[in-house]
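Visitor: Have a look at the structure that comes next, please.
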Ligand SMILES: Cc1ncc(COP(=O)(O)O)c(C=O)c1O
């Protein structure tokens, strides 16, 4: 929720109070350099003891509510038939409108099962944009993802309200080219994580649904960030201002044949799930669930988290929960823009994204500008961010050639209900300082490169020792911290 101060300035006010705290540490810039070198310039490999603000991701790191914690105490830990599962099914029916529910240990496990059942080698999956794990599962099973976003989606300086839309003409073209039998399913991701948390409109989803109906295609909705997509529809789509987030979510879900989500985001727990109203699809998926995840009533999740997920689903439709990250991200992005720092616009759902190509125009893509920027942000602030660019895009598995990413983004995630405006002001200050000294930052090169999802465990080195020069400048101007 935003509040207008007497000065006229608007701030996103936290609609919760802190009841449990975790100590965090601000290391000196020399210590940060040591930690980053040990981590091979890969922020995934840093330890939290060396991190001040952990803005790597919004996944599994959100603050749970008191009700969720209370729910965990009464979870039913039966191996089979546990009541927590049935409470989850009731919550899914009430909030998402689906009858059948399959918990999974996290979102990528849902992707794995969906592809195992619905994708045959050689088939394609048209989508508004890929997510790393989604693409990996599709490719591992011999399929191909086709991204059919509108050209505007890649414009990082846009005012377009729905950069996550599927381009309808491109969908027609794909169907014409491949024929419906070669299309495993059409996938819509709400909001598009790697495009900067950009939403799609309900109008766009309705058009996609009509086309799927006409051609007998399955529509799969990745609802990992559905609350934010619905919140942004309410703010941006004509005709939706008077509808609640809950109504919009129901409307979105009614258009999909199969729904899945990482529950680590909107519902603030560690888990995932698949849901549908189609009994046949449910049974096809259910039979594989114990093979890869666990029995139906826990699906690889802790039952405590199953119970908390049921509560989290009901909470995620409240505007102050659905909008808490969106409003902080908007504030963050606008404050950086005031300092001239290039961020992705319009601000989206899960994170404030720095446009590394505009921040570091002197670094070619094969020297990983977004990776270098993530490393530099850590050195300048102790804030951990995530590279979402060429490092996050694996090489072509057939030729081994580097695939240059569409976008080079440094994602500064805003976990829900975790950080305050003073944390964000600190981030704005240090990133603006870094922007003034951007010429000191140079590229990276791989020294250890795993063959799949290399961004998780890959190790890199700084070209020309730029990190030392940057740290020296930091100490000269700002001291040790
Ligand atoms: C849109 C989207 N889909 C799928 C996933 C994978 O979910 P998980 O990390 O729970 O495996 C994520 C995770 O960030 C995501 O953002």
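The values are calculated or read from the model by the stated rules, or taken from the named source; none is laboratory data. Bear in mind the structure is a predicted one, so any value in this text is a computation, not a measurement. Reconstructed Cβ throughout: ideal geometry from the backbone, glycine too, with neighbour counts over all protein chains shown.
Visitor: Looking at residue 63 and the list (1) over 18 Å from residue 381 (Cβ atoms); (2) in contact (Cβ under 8 Å) with a residue 24 or more places away in the chain; (3) more than 16 Å from the ligand (Cβ to nearest atom); (4) over 20 Å from the mean Cα position of the chain (by Cα), which single condition is not satisfied?
Guide: Residue 63 satisfies all of (1) over 18 Å from residue 381 (Cβ atoms); (2) in contact (Cβ under 8 Å) with a residue 24 or more places away in the chain; (3) more than 16 Å from the ligand (Cβ to nearest atom); (4) over 20 Å from the mean Cα position of the chain (by Cα) except (4).
Visitor: Further question: Just to be sure before I move on: is residue 314 away from the ligand (no atom under 16 Å from the Cβ), in contact with a helix residue (DSSP H, G or I) (Cβ under 8 Å, 6 or more places away or on another chain) and in the same structural domain as residue 436 (by TED's automatic domain parsing) in the structure I sent?
Guide: Values: away from the ligand (no atom under 16 Å from the Cβ): yes; in contact with a helix residue (DSSP H, G or I) (Cβ under 8 Å, 6 or more places away or on another chain): yes; in the same structural domain as residue 436 (by TED's automatic domain parsing): no.
For residue 314, the condition - away from the ligand (no atom under 16 Å from the Cβ), in contact with a helix residue (DSSP H, G or I) (Cβ under 8 Å, 6 or more places away or on another chain) and in the same structural domain as residue 436 (by TED's automatic domain parsing) - is not met.
Visitor: With 335, 314 as the choices, which residue is surrounded by fewer than 24 Cβ atoms within 10 Å (Cβ to Cβ) and closer than 28 Å to residue 410 by Cβ?
Guide: Details: 314 fails: closer than 28 Å to residue 410 by Cβ.
Of the residues listed, the single one that is surrounded by fewer than 24 Cβ atoms within 10 Å (Cβ to Cβ) and closer than 28 Å to residue 410 by Cβ is 335.
Visitor: Looking only at residues in region 72-96 that are farther than 24 Å from residue 250 by Cα and in a helix (DSSP H, G or I), which one is nearest to the ligand (Cβ to nearest atom)?
Guide: 72
Visitor: Say whether the condition of being in a helix (DSSP H, G or I) and within 16 Å of the ligand (Cβ to nearest atom) is met by at least one residue in region 141-162.
Guide: Keep residues of region 141-162 that are in a helix (DSSP H, G or I), which gives 151-154.
In the following step, the residues that additionally are within 16 Å of the ligand (Cβ to nearest atom) were identified as 153.
There is at least one residue in region 141-162 that is in a helix (DSSP H, G or I) and within 16 Å of the ligand (Cβ to nearest atom).
Visitor: Filter region 253-264 down to residues that are assigned to a loop (DSSP other than H, G, I, E, B) and under 20 Å from residue 106 (Cβ atoms) and give me whichever is nearest to the ligand (Cβ to nearest atom).
Guide: Filtering region 253-264 down to residues assigned to a loop (DSSP other than H, G, I, E, B) leaves 255-257, 263-264.
Now drop any that are not under 20 Å from residue 106 (Cβ atoms), which leaves 256, 263-264.
Numbers: 256: 14, 263: 7, 264: 5 Å.
That would be 264.
Visitor: Still on this structure, I have one more. If you go through region 226-244 one residue at a time, do you hit one that is in contact with a strand residue (DSSP E or B) (Cβ under 8 Å, 6 or more places away or on another chain) and either in a helix (DSSP H, G or I) or closer than 23 Å to residue 94 by Cα (or both)?
Guide: Checking region 226-244: at least one residue is in contact with a strand residue (DSSP E or B) (Cβ under 8 Å, 6 or more places away or on another chain) and either in a helix (DSSP H, G or I) or closer than 23 Å to residue 94 by Cα (or both).
Visitor: Now, a different point. Got a sec? Which helices (runs of 4 or more DSSP H) wholly within region 412-481 have at least 2 residues that are out of contact with any helix residue (DSSP H, G or I) (no Cβ under 8 Å at 6 or more places or on another chain) and more than 19 Å from residue 356 (Cβ to Cβ)?
Guide: Per the criteria, 421-436, 466-478.
Visitor: State the number of residues belonging to region 265-295 that are assigned to a loop (DSSP other than H, G, I, E, B) and either buried (at least 19 other Cβ atoms within 10 Å of the Cβ) or under 24 Å from the mean Cα position of the chain (by Cα) (or both). Show your work before the answer.
Guide: Step one: of region 265-295, the residues assigned to a loop (DSSP other than H, G, I, E, B) are 265-271, 277-278, 287-288, 293-295.
In the following step, the residues that additionally are either buried (at least 19 other Cβ atoms within 10 Å of the Cβ) or under 24 Å from the mean Cα position of the chain (by Cα) (or both) were identified as 265-271, 293.
The qualifying residues number 8.
Visitor: To continue, here is another question. Out of the residues in region 97-125 that are away from the ligand (no atom under 16 Å from the Cβ) and assigned to a loop (DSSP other than H, G, I, E, B), state the one that is surrounded by the fewest Cβ atoms within 10 Å (Cβ to Cβ).
Guide: For region 97-125, the residue satisfying everything is 121.
Visitor: Looking at region 424-445, I want the residues that are within 12 Å of residue 466 (Cα to Cα) and have a partner that is modelled with pLDDT under 95 and assigned to a helix (DSSP H, G or I) with Cβ atoms under 8 Å, at least 6 apart or on another chain. Which pairs are those?
Guide: Nothing qualifies.
Visitor: Can you tell me which residues in region 165-180 are in a helix (DSSP H, G or I) and either within 16 Å of the ligand (Cβ to nearest atom) or in contact with a helix residue (DSSP H, G or I) (Cβ under 8 Å, 6 or more places away or on another chain) (or both)?
Guide: 168, 171, 172, 175, 180
Visitor: Also, I was wondering about something else. What residue, of 56, 36, is buried (at least 19 other Cβ atoms within 10 Å of the Cβ), at negative phi and part of a helix (DSSP H, G or I)?
Guide: The conditions single out 36.
Visitor: To continue, here is another question. Looking only at residues in region 181-198 that are over 12 Å from the mean Cα position of the chain (by Cα) and more than 17 Å from residue 260 (Cβ to Cβ), which one is farthest from the ligand (Cβ to nearest atom)? Outline the logic, then answer.
Guide: Applying the first criterion (over 12 Å from the mean Cα position of the chain (by Cα)) to region 181-198 yields 181-188.
Then keep just the ones that are more than 17 Å from residue 260 (Cβ to Cβ); that gives 181-183.
Numbers: 181: 26, 182: 24, 183: 20 Å.
So, considering only residues that are over 12 Å from the mean Cα position of the chain (by Cα) and more than 17 Å from residue 260 (Cβ to Cβ), the one farthest from the ligand (Cβ to nearest atom) is 181.
Visitor: Separate question: Return the only residue of 225, 202 being more than 16 Å from the ligand (Cβ to nearest atom), at pLDDT 95 or above and buried (at least 19 other Cβ atoms within 10 Å of the Cβ).
Guide: Checking each option against the conditions leaves just 202.
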